[in-house]
Amino acid sequence: MPAHMEIDHLDLVVSDLDRALGFYHGLLAPLGWVRASEIVGERGERVVYLGRHGEAGSISLRAAQSEGDPDRYAIGLHHLAIGVSSRAVVDERAAWLRSVGAKIESGPAEFLYTPGYYAVFFLDPDGFRLEVATARD
C-alpha cells in the first residue's frame with residue numbers, strides 16, 4: 001500500500017510576477033496562505049511559493065519566458081479549485097474579487113457536482129480560471 005501522498009506544489013507561469021503576487025496574496029492571505037518563500041528557477045527566474053504555515057502544498061508563481069495566452073481547453077491546466085471551510089468564506093472571497101475588479105464567470109452559487117457544492121469561478125489577471133469552493137453548510 002503506498003504511503004499517504006499529496007500535491008506538494010503547483011507552478012503557474014504569469015505575465016507580470018509583481019501583479020500576480022499582489023492578486024494571489026490578496027486572494028489567499030485571508031485563507032491562511034501567508035507563507036512565502038522564493039527560489040531561483042532552472043532558467044534563473046524568480047519563483048515565489050505561497051502556502052500555509054505547517055501545511056504541505058503551495059502555489060508558486062513565475063514570470064513567463066515564452067509568448068502565449070492561457071487556454072483552459074488546450075492541453076494544460078483547466079482550472080484550479082481552492083477549498084474553503086464555508087459558504088460564508090466563498091461569499092467573502094467573491095466580494096473581494098468584485099472589489100478588485102476580477103472577472104467572475106459564475107457564482108457564488110450552488111452547483112450540482114455534489115450535494116451542497118457552493119463555489120465562485122473567476123479569472124486571475126492572466127486569465128487562469130480559478131474557483132473557491134466548499135461542500136459544507
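A compact table of results
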read-out: Members of segment 91-115 that are open to solvent by 40 Å² or more (accessible area, probe 1.4 Å), among the hydrophobic types (A, V, I, L, M, F, W, C) and in contact (Cβ under 8 Å) with a residue 40 or more places away in the chain; value: Trp96, Val100
read-out: Test for Ala133: is it open to solvent by less than 30 Å² (accessible area, probe 1.4 Å), more than 22 Å from Leu21 (Cβ to Cβ), part of a strand (DSSP E or B) and touching an Asp or Glu at 6+ places or on another chain (Cβ under 7 Å); value: no
read-out: Count - residues of segment 103-137 that are among the acidic types (Asp, Glu) and touching a Phe, Trp or Tyr at 6+ places or on another chain (Cβ under 7 Å); value: 4
read-out: Within segment 1-56, strands (runs of 3 or more DSSP E) holding 2 or more residues that are more than 28 Å from Ser85 (Cα to Cα) and in contact with a strand residue (DSSP E or B) (Cβ under 9 Å, 6 or more places away or on another chain); value: 35-40, 46-51
read-out: Residues that are surrounded by 14 or more Cβ atoms within 10 Å (Cβ to Cβ) and in a loop (DSSP other than H, G, I, E, B), drawn from segment 80-90; value: Val84
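The values are calculated or read from the model by the stated rules, or taken from the named source; none is laboratory data. All values derive from a computational prediction rather than experimental measurement. Quick reminder, even Gly has a Cβ in these numbers, built from the backbone with ideal geometry, and neighbours come from all protein chains shown. With ligands, DNA and RNA removed, areas are computed over all heavy atoms of the protein, side chains included. Shrake-Rupley method; radii C 1.70, N 1.55, O 1.52, S 1.80 Å.
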